[in-house]
Amino acid sequence: MTAPLQQRWGQSLMKNYGTPPIALVGGSGPYVTDADGKRYLDLLGGIAVNSLGHAHPAIVEAVTTQLQTLGHVSNLYISPPVVELAEKLLDRFGHPGRAFFCNSGTEANEAAFKLARRTGRPEIVAAEKAFHGRTMGALAMTGQPSKRAPFEPMPPGVRFVPYGDTEALDAAVTDQTAAVILEPILGEAGVIVPPADYLAAARRITSERGALLILDEVQTGVARTGTFFAHQQVGVVPDVMTLAKGLGGGLPIGACIATGPAAELFEPGQHGTTFGGNPVAAAAALAVLGVIESEGLTDHVAAVGKTIATSIEDLHHPLIAGVRGAGLLLGIELTEALSGRAEAAARDAGFLINAPAPDVLRLAPPLIITEEQAQSFVGALPAILDTAAQNDKGDLVNKENRA
Ligand code: PMP
């Protein structure tokens with residue numbers, strides 16, 4: 001008999017995977033099942049990816065039909081779904097422009113980086129703590145030194161400023177700045193919301209100095225924060241926007257969308273990727289957009305997100321300092337650095353969440369999650385936190401014993 005997955009992965013997968021806590025074998029709606037048959041409410045959605053949950057009939061149907069019609073075409077040709085997707089996204093954006101399709105958020109940001117270099121100016125200004133991806137260009141713009149350090153030297157020309165600090169941004173952007181890249185809300189850093197006027201200030205500063213404003217909406221885009229794009233909440237129009245994650249509802253697709261002169265910066269042959277914008281992934285994305293529209297998911301996300309945040313705050317639990325974020329991208333701030341243990345306790349209790357910072361728990365569930373499903377987590381949260389706190393004390397005792 002074949003050994004269980006949990007015993008096999010360590011021999012065949014590269015060590016960058018760390019130690020996966022569970023092996024998932026199935027999913028339906030907002031639920032997933034592990035190799036032992038245990039069911040979890042997936043409050044992370046593959047980190048904001050499974051916008052319609054798992055095995056959504058609209059995605060299954062769109063992908064199946066497209067595969068039976070026309071599969072991969074490479075970027076030498078175009079196909080109906082990719083053109084239709086570009087048109088629909090630009091329509092949602094509300095500004096004339098152009099889209100480039102790739103396979104991930106990292107690649108979308110890599111494209112934005114290259115687009116910025118086409119301005120002829122050398123510098124990119126990025127935010128400390130921001131996350132933009134793992135290829136060398138995207139990593140060079142990622143404001144987390146520990147992620148960059150093992151791979152130095154980085155591509156040059158990136159300058160970092162503290163996130164949310166308008167004065168620092170004002171001082172950093174010069175006539176040498178090709179672009180400023182920002183997440184509307186820092187996702188990987190722990191769901192950090194900037195001051196209300198920050199993106200508007202970034203827009204003003206970049207426009208004044210002739211630099212591009214790139215918004216990385218990989219985590220915040222496609223209805224995640226209660227508007228179709230997060231920047232729509234603050235009325236700021238970027239020159240370039242990147243998308244991925246929830247766009248494909250589980251299939252790999254990323255997009256770099258530009259408006260105005262930025263949309264004209266690439267010349268034929270300057271950038272591309274074999275699988276980017278393939279008809280199957282584009283068909284899945286069209287299904288996602290269709291369901292968001294037909295089921296009014298943007299408003300649903302805003303309403304459910306608000307209720308979850310309020311319900312969690314109303315618990316008045318001593319370990320909860322507050323809830324931040326927007327729509328269904330929420331960070332539960334803890335009063336102690338217990339998030340890793342809370343993530344594990346939640347898993348034991350049948351809920352998938354994660355710990356982007358030592359004192360923050362992140363929720364980014366499928367957009368289709370119901371109020372009732374979400375409340376089942378809120379109801380379980382006090383016991384999850386209490387267990388995490390007890391395990392923490394247990395660990396301290398163990399550490400003391402060992403010392
Ligand atoms: N940008 C942001 C804001 C992200 O959150 C992520 C992924 N966590 C990425 C880029 C990279 O996306 P991907 O993992 O699809 O390459």
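What follows is calculated from the coordinates using simple rules that are stated; it is not laboratory data. Keep in mind it's a predicted model, so treat the numbers as computed, not measured. Ideal geometry is used to build each Cβ from the backbone, glycine not excepted, and the neighbour counts take in all protein chains shown.
Computed as a quarter of the hull surface, the mean projected area of the alpha carbon convex hull for segment 201-313 stands at 9.1 nm². Rg to Rh ratio, segment 45-100, alpha-carbon atoms and Kirkwood radius? Ratio of gyration radius to Kirkwood radius for segment 45-100: 1.02. Using the Cβ of ARG118 as centre and a radius below 15 Å, the other residues enclosed give a net charge of -1, where K and R count +1 and D and E count -1.
In whole percents, the pair-distance distribution calculated for segment 133-291 from its alpha-carbon pairs, binned every 5 Å from zero, is 2, 8, 15, 20, 21, 18, 11, 5, 1.
Converting the Cα gyration tensor eigenvalues of segment 269-317 into ellipsoid dimensions via √(5λ) gives semi-axes, longest first, of 37, 16, 8 Å. Under the criterion of Cα pairs below 8 Å and six or more residues apart, the relative contact order for segment 264-359 equals 16 percent. If only the Cβ of Lys and Arg carry +1 and only the Cβ of Asp and Glu carry -1, the dipole of segment 193-289 around its Cα centre is close to 220 debye. Our coupling estimate for segment 383-389, obtained by passing each phi through the Karplus curve with A = 6.51, B = -1.76, C = 1.60 and θ = phi - 60°, is 5, 4, 5, 4, 4, 4, 5 Hz, Gly and Pro reported as x. For the chain, adding -39500 (n - 2.57) for each run of n ≥ 4 DSSP H residues and dividing by the number of residues yields -12000 deg cm²/dmol at 222 nm.
Give me a comma-separated list of calculated 3J(HN,Hα) values for segment 202-213, in order, Karplus coefficients 6.51, -1.76, 1.60 applied at θ = phi - 60°, integers in Hz, x for any Gly or Pro. With coefficients 6.51, -1.76 and 1.60, one gets 4, 5, 5, 5, 5, 4, 4, 9, x, 9, 7, 9 Hz.
With both residues required to sit in the chain, DSSP beta bridges show an antiparallel share near 65%. Considering only VAL360, GLY327, SER311, and ranking their Cα positions along the charge dipole of segment 304-366 that arises from unit charges at the beta-carbon of Lys, Arg, Asp and Glu, the one farthest toward the positive end is GLY327.
Computed from label points 7 Å out along Cα-Cβ, the spacing between SER207 and MET136 is 3.7 nm. Which shape class, rounded, prolate or oblate, goes with segment 286-340 when its Cα gyration tensor gives a ≥ b ≥ c as root eigenvalues, a/c under 1.5 marks rounded, and past that a/b bigger than b/c marks prolate? Because a/c hits 1.5 or more and a/b exceeds b/c, segment 286-340 counts as prolate.
Each residue in HIS54, HIS132, HIS95, HIS316 was given a count of other beta-carbon atoms within 10 angstrom of its own, and listing them fewest first yields HIS316, HIS95, HIS54, HIS132.
For the chain, the longest principal axis of the alpha carbon atoms and the long axis of helix 80-93 meet at an angle near 80°.
Taking the number of Cβ atoms within 10 Å of each Cβ as an exposure proxy, the fewest-first ranking of THR65, THR206, THR220 is THR65, THR206, THR220.
Translational diffusion of the chain, estimated by Stokes-Einstein from the Kirkwood radius over alpha carbon pairs at 10 °C in a medium of 1.306 mPa s, is 72 µm² per second.
Here the Karplus curve 6.51 cos²θ - 1.76 cosθ + 1.60, taken at θ = phi - 60°, turns the phi angles of segment 281-298 into couplings of 5, 5, 5, 4, 5, 5, 5, 4, 4, x, 6, 4, 6, 5, 9, x, 5, 4 Hz, with x standing for Gly and Pro. Scaled against the 2.2 N^0.38 Å expected of a compact globular protein of N residues, the Cα radius of gyration of segment 1-74 reads 1.39.
Set Lys and Arg Cβ to +1 and Asp and Glu Cβ to -1, take the dipole of segment 4-89 about its Cα centre, and tell me which of GLN66, VAL25, LEU13 lies farthest positive. Ranked along the dipole, the leading option is LEU13.
Note on segment 100-191: Rg/Rh from C-alpha atoms, Kirkwood Rh, equals 0.94.
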